[in-house]
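S.K.: Below is a structure I'd like to ask you about.
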Amino acid sequence: MPRPPTVRSSVASIVPKPGSPLVTRRLFVLVVTTVIGTTAVAADDPLPHVLDSKQIGAGRAFYGQYCASCHGANGKGAPNWREPNRQGELPSPPHNQEGHTWRHSDADLYEIISKGWRDPFNKTDRITMPPFGETLAPEEIRAVIAYLKSLWTDEQRRYQREESEKEPFPAEAKPSPE
Ligand code: HEC
């Protein structure tokens, strides 16, 4: 069946010169975006905003730049993260489904990342989890958190969303209405 003229003309408007590498790349991006978008919507998960692939992509990049040195690639955590180290400090925990990050509400995660954190039972007083409130803008912190959410199971995401309904992001970091 021939394509309806409307589709052809809208494709024509974004395709300056058929066959050029730019065209191929644009079409590729178009197809990939469509596939990812469809997956996010089709997945059995009531959290489309959590699975916003663009936000997760941005968050993944921030994670690689600022967090992976301590928390490991793909949020796998430091080795022996459950045991205090020689200084009596807890090492960086994983953020994936093996860890407990998913137990924290949006409000808690935002606070920990922007203000820093130390385990109250650490033998030292230093803030072992550094604050990022001066380095990352509110929407960048939100993007990192979206990336962390992408590492969890559906069930963990559901639990965390319920916690976040009680304790949402602070006003300064409220997502803009969708
Ligand atoms: C210098 C090392 C270091 C860097 C860099 C770092 N963290 Fe941490 N982080 C830690 C340590 C250590 C802890 C555990 C603190 C404790 O419980 O004593 C921690 C704890 C956390 C927690 C709370 C524990 C949990 O699993 O929920 C979150 C959330 C977190 N980090 C997120 C991040 C994010 C996001 C970044 C990057 C923006 C980051 N961290 C960068 C060392 C680091």
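All of the numbers you see were taken from the coordinates with simple rules; none came from a lab. Here the structure is a predicted model, which means the values were calculated and not measured. Backbone-built Cβ (ideal geometry, glycine too); neighbour counts: all protein chains shown.
S.K.: Starting from 0.36 nm per residue, how many nanometres of slack lie between Q65 and E98 once their C-alpha separation is accounted for?
M.R.: Gain on extension, Q65 to E98, equals 9.7 nm.
S.K.: So how far apart, in nm, are the two label points at K76 and D108 if each is 7 Å from Cα heading toward Cβ?
M.R.: 2.6 nm
S.K.: Shifting gears a bit: Multiply the residue gap between T124 and K166 by 0.36 nm, knock off their C-alpha separation, and tell me the result in nm, one decimal place.
M.R.: Stretched fully, the T124-K166 segment lengthens by 11.9 nm.
S.K.: Show the residues, 5+ positions off or on another chain, whose built amide H is closer than 5 Å to the amide H of F169.
M.R.: It is A107, by chain and number.
S.K.: Got a sec to turn the phi values of the stretch 138-144 into Karplus ³J(HN,Hα) couplings, 6.51 cos²θ - 1.76 cosθ + 1.60 with θ = phi - 60°, whole Hz, x for Gly and Pro?
M.R.: x, 6, 6, 4, 4, 5, 4
S.K.: Going by amide H atoms built from the backbone, whose H comes under 5 Å of the H on W117, apart from near neighbours?
M.R.: Long-range HN contacts for W117: T128, M129.
S.K.: I would also like to ask the following. Give me T101, T135 sorted ascending by neighbouring Cβ count inside 10 Å, so fewest comes first.
M.R.: Starting with the residue having the fewest Cβ neighbours, the order is T135, T101.
S.K.: Round to the nearest 0.05 the FRET efficiency obtained for R86 and E134 when R0 = 45 Å and r is the Cβ-Cβ distance.
M.R.: Result of the calculation: an efficiency of 0.90.
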